[in-house]
Amino acid sequence: MSTEDDEIEKSSAPLIEHLIELRTRLIWSIGGFFVAFLGCFFFAKQIFNLLVIPFQWATQWAGLDSSKVELIYTAPQEFFFTQIKIAMFGGLLIAFPLIAAQIYKFVAPGLYKNERQAFAPFLVASFVLFLIGGALVYFFFTPMVMWFFLAMQQTGGDGHVEISLLPKVSEYLGLIMTLIFSFGLVFQLPVVTTLMARVGLLSSEGLADKRKWAIVIAFIVAAVLTPPDPVSQIGLAVPTILLYELSIILARWVERDREKQRLAREAAEAAESAKAQAEAKPAE
């Protein structure tokens, strides 16, 4: 066997091991998602009733009877596919810790010890921040957006036609899912910027210099991701700007921590060098 064939055989073994490891992690992730999907599909109607609660709060804010909240579906299969979307949404959320753990287990062997210690907390922080963004949508922004739309209703009489809001189940679910995912993704900004600052791709000074552009981009992104109403757009843009400021603070903290580590390393090297010189003098 030639030397080239030996090199190919040696390199193929680790590749096959990585592929086997990847397959195992994918099986665990897909299996966890599938089990969570089935559970959420079984309780899809109950989950949808929970998602309708912010709509009921909005009717109370608008001075209407919350017990008469009504949603409709205009196609025979519409509510069935809505339940599938609910199951996928809930299954992904429930299975995220398992999926994140499988991602960590796959990449951890290729990281140094300090990198593994830094990477794991970011996975936890990512999930927690997503939940915070989703909770903000559920308890505050969805009721506010629905109240804004309910305020456009028109009562009949005096020559006016009665105009009532009767949202479709698929459209309401699409609205609240869009808001939750939008806020959840925006709340990942501190995690992403801190990671990039840790590896040296971003600096706190660079983030501060681009603050004006960040404000403009925040409003553009909010206009794209949210429904076309000023309440939800401003509601997403303002937290994005605040999170950007938090990212600058975290980047400065990372830079100070990295500087302390550098100084400590230089001090340790200087001490070792002085010790070596002191040990060398008697020998001379």
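Among the residues of the stretch 274-284, those that are in a helix (DSSP H, G or I) and either at pLDDT 75 or above or of a type outside the set (Gly, Ala, Ser) (or both) comprise Lys275, Gln277, Glu279, Lys281, Pro282. Contact map, the stretch 42-63: first residue over 23 Å from Leu150 (Cβ atoms) and in a helix (DSSP H, G or I), second residue open to solvent by less than 50 Å² (accessible area, probe 1.4 Å) and polar (S, T, N, Q), Cβ cut-off under 6 Å, separation 6 or more or different chains; pairs are Ala44/Gln83. Here Pro190 passes the criteria (1) free of Cβ contacts under 8 Å to residues at least 24 places away in the same chain; (2) closer than 30 Å to Leu93 by Cα except the one numbered (1). All of Leu246, Leu263, Leu250 fail the test of being at pLDDT 75 or above, touching a helix residue (DSSP H, G or I) at 6+ places or on another chain (Cβ under 7 Å) and open to solvent by 70 Å² or more (accessible area, probe 1.4 Å), apart from Leu246.
Against the condition polar (S, T, N, Q) and over 17 Å from Phe130 (Cα atoms), how does Ser182 come out, does it pass? For Ser182, the condition - polar (S, T, N, Q) and over 17 Å from Phe130 (Cα atoms) - is not met.
Screening Ala222, Ala271 for residues that are touching a residue at least 12 places away in the same chain (Cβ under 8 Å), hydrophobic (A, V, I, L, M, F, W, C) and in a helix (DSSP H, G or I) leaves exactly one candidate, Ala222.
Selection within the stretch 58-88: residues that are under 23 Å from Phe141 (Cβ atoms) and at pLDDT 90 or above. The member of this set that is surrounded by the most Cβ atoms within 10 Å (Cβ to Cβ) is Ile86.
Here Leu202 meets the list (1) farther than 26 Å from Thr82 by Cβ; (2) part of a helix (DSSP H, G or I); (3) over 14 Å from the mean Cα position of the chain (by Cα); (4) touching a residue at least 24 places away in the same chain (Cβ under 8 Å) almost entirely, failing just condition (2). Taking the conditions (1) at pLDDT 85 or above; (2) surrounded by fewer than 19 Cβ atoms within 10 Å (Cβ to Cβ); (3) over 13 Å from the mean Cα position of the chain (by Cα) in turn, Pro143 satisfies each one other than (2). Have a look at Leu173, Leu201 and point out the one that is open to solvent by 50 Å² or more (accessible area, probe 1.4 Å) and among the aliphatic types (A, V, I, L, M). Leu201 is the lone residue from the list that is open to solvent by 50 Å² or more (accessible area, probe 1.4 Å) and among the aliphatic types (A, V, I, L, M).
Select, from Phe96, Phe148, the only residue that is in contact with an Asp or Glu (Cβ under 8 Å, 6 or more places away or on another chain) and surrounded by 14 or more Cβ atoms within 10 Å (Cβ to Cβ). Before you say what the answer is, go through the steps one by one.
Details: Phe96 fails: in contact with an Asp or Glu (Cβ under 8 Å, 6 or more places away or on another chain).
Just a single option satisfies the conditions, and that option is Phe148.
The values are calculated or read from the model by the stated rules, or taken from the named source; none is laboratory data. All values reported here derive from a predicted model rather than from experimental measurement. Note that we place each Cβ from the backbone using ideal geometry, even for glycine, and neighbour counts take in every protein chain shown. Heavy atoms of the whole protein, side chains included, go into the accessibility calculation; ligands, DNA and RNA do not. Shrake-Rupley method; radii C 1.70, N 1.55, O 1.52, S 1.80 Å.
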